[in-house]
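Asker: I'd like to ask you about the structure that follows.
The values are calculated or read from the model by the stated rules, or taken from the named source; none is laboratory data. These numbers were taken from a predicted model, which means no experiment stands behind them. We place every Cβ from the backbone using ideal geometry, glycine too, and count neighbours over all the protein chains shown.
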Amino acid sequence: MEEKEIHDELSAIRNLMERSSKFISLSGLSGILAGVYALIGAGFAYKIMNDDPTYATIKKFRGDMQPTRYGSLWINNEDYSSLAIKLFIIAAIVFLASIATAIVLSNRQAKRKGQSMWGKVSQSLLFSMAVPLVAGGLLIMIFLYHHHYGIASSSSLIFYGLALVSAGNFTFNMVKYLGLCEIALGLIAACLPGYGLLFWALGFGVLHIIYGSMMYLKYDR
């Protein structure tokens with residue numbers, strides 16, 4: 001048997017094993033679109049924070065207030081609670097739009113590659129992502145309830161990164177590397193309170209677009 005035939009057979013066996021053990025139908029285009037959605041959401045959030053005079057005016061510190069520092073602004077918790085609700089709505093819309101896009105495009109990718117969208121591998125992938133995401137989401141809600149707004153952005157990046165690292169065991173290794181970048185960015189954001197929106201845009205926006213573009217060029221075409 002010629003060397004080329006042996007190589008082709010080994011490649012076929014490797015591809016078959018990869019199909020049975022990993023979900024290889026993730027869409028790079030969905031990652032790009034998720035990043036675009038995040039940047040659009042960050043733009044709306046920035047507009048709300050800076051255009052509304054309630055939030056754009058530097059507050060005077062009073063003894064009966066517990067202010068929260070956002071960049072160069074001091075905002076009391078009563079005002080920030082209203083702002084947090086608006087930001088939560090924006091984040092929820094971005095998240096739901098990203099999930100819907102990922103499902104539609106990954107399903108199309110799965111059909112093209114002849115892989116089942118809903119099987120044991122995809123179930124394992126979903127479970128490995130769901131545990132850190134649900135735990136992180138509940139913890140962030142607890143933080144918000146106790147008016148710890150400044151830590152919400154960094155926490156979301158870290159827990160999302162942990163979810164991606166865990167999911168990377170059931171899909172492309174590139175997902176794991178994206179998760180490590182998200183964790184690193186979240187830790188940096190925790191060291192720089194007041195700039196959560198910037199890091200949120202970098203993590204969920206820019207990194208997703210870079211990752212999605214690499215996935216699209218390598219696997220989608």
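Asker: Just the residues that are without any contact (Cβ under 8 Å) to a residue 40 or more places away in the chain and over 15 Å from Gly205 (Cα atoms), please, taken from the stretch 165-183. Explain how you work it out, then say what you get.
Answerer: Quick first cut of the stretch 165-183, residues without any contact (Cβ under 8 Å) to a residue 40 or more places away in the chain only: 165-166, 168, 173, 176-183.
Those that are without any contact (Cβ under 8 Å) to a residue 40 or more places away in the chain and over 15 Å from Gly205 (Cα atoms): Val165, Ser166, Gly168, Asn173, Lys176, Tyr177, Leu180.
Asker: Quick one: which residue in Ala184, Ala163 is closer than 25 Å to His148 by Cβ, buried (at least 17 other Cβ atoms within 10 Å of the Cβ) and among the small types (Gly, Ala, Ser)? Reasoning before the result, please.
Answerer: Values: Ala184 fails: buried (at least 17 other Cβ atoms within 10 Å of the Cβ).
Unique residue meeting the criteria: Ala163.
Asker: What single numbered condition from (1) in contact with a helix residue (DSSP H, G or I) (Cβ under 6 Å, 6 or more places away or on another chain); (2) modelled with pLDDT of 80 or more fails to hold for Met214?
Answerer: For Met214, the exception is condition (1).
Asker: Please indicate, with yes or no, whether at least one residue in the stretch 168-175 is surrounded by 20 or more Cβ atoms within 10 Å (Cβ to Cβ) and of a type in the set (A, V, I, L, M).
Answerer: yes
Asker: Moving on. Only residues that are of a type in the set (D, E, K, R) and within 12 Å of the chain's Cα centre (by Cα): list them for the stretch 163-221, please.
Answerer: If we filter the stretch 163-221 for residues that are of a type in the set (D, E, K, R), which is where we start, we get 176, 182, 218, 220-221.
Answer for the stretch 163-221, where residues must be of a type in the set (D, E, K, R) and within 12 Å of the chain's Cα centre (by Cα): just Glu182.
Asker: May I ask you to say which residue of Ser166, Ser124 is of a type in the set (S, T, N, Q) and out of contact with any Phe, Trp or Tyr (no Cβ under 7 Å at 6 or more places or on another chain)?
Answerer: Numbers: Ser124 fails: out of contact with any Phe, Trp or Tyr (no Cβ under 7 Å at 6 or more places or on another chain).
Of Ser166, Ser124, the one residue that is of a type in the set (S, T, N, Q) and out of contact with any Phe, Trp or Tyr (no Cβ under 7 Å at 6 or more places or on another chain) is Ser166.
Asker: Could you figure out which of (1) more than 20 Å from Ile40 (Cβ to Cβ); (2) at pLDDT below 90; (3) of a type in the set (A, V, I, L, M) isn't true of Ala102?
Answerer: If we test Ala102 against (1) more than 20 Å from Ile40 (Cβ to Cβ); (2) at pLDDT below 90; (3) of a type in the set (A, V, I, L, M), just (1) comes out false.
Asker: State the number of residues belonging to the stretch 122-161 that are farther than 20 Å from Ala201 by Cβ and of a type in the set (Ser, Thr, Tyr).
Answerer: 4
Asker: Of the residues that sit in the stretch 184-193 and are in contact with a Leu (Cβ under 8 Å, 6 or more places away or on another chain) and of a type in the set (Gly, Ala, Ser), which one is farthest from Ser156 (Cα to Cα)?
Answerer: Here is the first cut: in the stretch 184-193, the residues in contact with a Leu (Cβ under 8 Å, 6 or more places away or on another chain) are 185-186, 189.
So of that shortlist, the ones also of a type in the set (Gly, Ala, Ser) come out as 186, 189.
On the way: Gly186: 8, Ala189: 10 Å.
Only one residue fits best here, namely Ala189.
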